[in-house]
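Following: one structure in structure tokens, then a few remarks.
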Amino acid sequence: MNSAAQKQIAFAELVTQAAACQLCPALVERRAVLSDKNGSVDARVMFIGEAPGRQGGDRTGVPFSADNSGRNFERFLASIKLTRNQIFITNAVLCNPRKASGANRTPTVREAANCSNFLREQIALVNPRVVVTLGRIALDALRRIRYHEFTLQTSAGQIHEWGGRLLVPLYHPSPQVLASHRREAAQLEDYRAVAKAVRRINRRHGRAMSSLHKHRS
Ligand code: SF4
């Protein structure tokens, strides 16, 4: 069996484990949003959000789709000419947290800690060269996997090294964040750092391939 097939099998096992997970008492009614719909397990770029939205990922099974945050995300992604089949996208917390009213709520620290093993496994499996976090919860979730001191206030829209990968922290694309913390123009500018990081890893990959070919010839 080749390594691509082994990777698909390992991902399918992770999907099964997440679907059966009941670690968070308040989320046992929700389904974990993790499947082939998250994107390519061979992607070089991985986006990590906060948690699936009630009208978005929880309903469609596709993270960041069909709600306002999803539509904003898709617009920002298109601005740097990346498509969903070139990326893998997931959330720090795989199940949708809701208030008693049914509205989305921020995941608790305990829920994010509970789900950090799934995030660690996804990063190890996809092995992205560029990691992009969407919002504070996602950036904090990475800290549990490998310590860093980045914050949105000091590091958003910049390229950093994190555990042998490039990390670009971004603000969350929700309408509330766009209205109060990081407006459209600033977010579009931040996404240019993602494009720059992708060009950088593509150049590195090109150099590695050309030295491999020289070595073989
Ligand atoms: S959020 Fe993560 S840890 Fe919590 S129940 Fe869902 S899959 Fe399990």
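The values are calculated or read from the model by the stated rules, or taken from the named source; none is laboratory data. Please read all numbers here as calculations on a predicted model, not as lab measurements. As a convention, Cβ positions derive from the backbone with ideal geometry for all residues, glycine included, and neighbour counts pool all protein chains shown.
I'd like to check which helices (runs of 4 or more DSSP H) are fully inside segment 11-118 and have at least 2 residues that are within 16 Å of the ligand (Cβ to nearest atom).
Working: elements: 57-60, 68-79, 109-114.
So the answer is 57-60, 109-114.
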If we keep only residues of segment 119-128 that are buried (at least 21 other Cβ atoms within 10 Å of the Cβ) and under 18 Å from L23 (Cα atoms), then the residue nearest to the ligand (Cβ to nearest atom) is L119
Listed by first then second residue, the pairs whose first member lies in segment 14-32 and is within 24 Å of S101 (Cα to Cα), whose partner is among the acidic types (D, E) and more than 8 Å from the ligand (Cβ to nearest atom), with beta carbons under 8 Å and at least 6 positions apart or on separate chains, are R30/D58; R31/D58
Within segment 76-112, the residues that are surrounded by fewer than 19 Cβ atoms within 10 Å (Cβ to Cβ), closer than 17 Å to G39 by Cα and basic (K, R) are K81
By residue number, the members of segment 55-105 that are touching a helix residue (DSSP H, G or I) at 6+ places or on another chain (Cβ under 6 Å), more than 18 Å from Q187 (Cα to Cα) and hydroxyl-bearing (S, T, Y) are T90
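Would you confirm whether or not segment 166-189 contains a residue that is small (G, A, S) and at positive phi?
The first filter runs over segment 166-189 and keeps only residues small (G, A, S), leaving 174, 179-180, 185-186.
Filter once more, so that each one left must be at positive phi: none.
Within segment 166-189, none of the residues are small (G, A, S) and at positive phi.
Only one of these is within 22 Å of S65 (Cβ to Cβ), touching a strand residue (DSSP E or B) at 6+ places or on another chain (Cβ under 7 Å) and at pLDDT 95 or above: V177, V198. Name it. Give the derivation first.
Values: V177 fails: touching a strand residue (DSSP E or B) at 6+ places or on another chain (Cβ under 7 Å).
Checking each option against the conditions leaves just V198.
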Considering residues that are touching a strand residue (DSSP E or B) at 6+ places or on another chain (Cβ under 9 Å), under 23 Å from S3 (Cβ atoms) and of a type in the set (S, T, N, Q), the number found within segment 26-71 is 2
R165 fails exactly one of (1) farther than 29 Å from Q6 by Cα; (2) in contact with a strand residue (DSSP E or B) (Cβ under 7 Å, 6 or more places away or on another chain), namely (1)
